Amino acid sequence: MKWIKVNSTQSNEAFELWSEDQKLALIEFSKNTQMARMDSNAGRRIFFFEKKGMLTHRAIIKNEYGIHMGKVEEERPGSGKGHLELDGKRYHYQFSQTDHAELKLFEDENQRELLTCNFNAFHTGFIKIRSLFDTKIPNLVLALCWYLVQPHAAARAGAVN
């Protein structure tokens, strides 16, 4: 899977989620608010994202009704490792800034790899990302995980839950 940046204007930033040659979802972030619209085969949704924390960076996702759905936390700024919680399940992630800016997601209990997602949209050659929280990556990871827990979406993406 991979996220591709498809559009960026003064007010919006859009990304598409691809699995091989199939577009799975489109998410459009408003630069003026903390809102995103997602359109996929799992339906259309509106999400709200918040960044919190001074010492521990966190990104929180809420649904269109303002109900807390999950969060991403980084172990230390710039470590590329952390935890994600969504719908009461806990996962571990590792982000590698090698050639492909790749994120791997693991089950927290038995460390079984669930997916690998490419973030080439954020990889700019020799420039390294100081923290994932300086980008939209935490928001995209939360949206991706929400997408994968949807029964019909997970089957299309070939995801393992």
Please go through (1) over 16 Å from Lys136 (Cβ atoms); (2) touching a residue at least 12 places away in the same chain (Cβ under 8 Å); (3) surrounded by fewer than 13 Cβ atoms within 10 Å (Cβ to Cβ) for Arg76 and return the number of the only condition it doesn't satisfy. (2)
When region 79-106 is checked residue by residue, the ones that are touching an Asp or Glu at 6+ places or on another chain (Cβ under 7 Å) and more than 20 Å from Lys136 (Cβ to Cβ) are Arg90, His92, Phe106
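Within region 26-33, can one find any residue that is within 12 Å of Ala143 (Cβ to Cβ), polar (S, T, N, Q), without any contact (Cβ under 8 Å) to a residue 40 or more places away in the chain and surrounded by fewer than 16 Cβ atoms within 10 Å (Cβ to Cβ)? First the steps, then the outcome.
Initial filter on region 26-33 (within 12 Å of Ala143 (Cβ to Cβ)): 26-29.
Right, trim to polar (S, T, N, Q) and you get none.
No, region 26-33 contains no residue that is within 12 Å of Ala143 (Cβ to Cβ), polar (S, T, N, Q), without any contact (Cβ under 8 Å) to a residue 40 or more places away in the chain and surrounded by fewer than 16 Cβ atoms within 10 Å (Cβ to Cβ).
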If we scan region 78-85, do we find a residue that is touching a His at 6+ places or on another chain (Cβ under 8 Å), modelled with pLDDT of 90 or more and at negative phi? yes
Residue set Ser8, Ser19; condition in contact with a Gly (Cβ under 9 Å, 6 or more places away or on another chain), surrounded by fewer than 18 Cβ atoms within 10 Å (Cβ to Cβ) and of a type in the set (Gly, Ala, Ser); output residue Ser19
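The values are calculated or read from the model by the stated rules, or taken from the named source; none is laboratory data. None of the values given here were measured: they were computed from a predicted structure. Note that each Cβ is placed from the backbone with ideal geometry, even for glycine, and that neighbours are counted across all protein chains shown.
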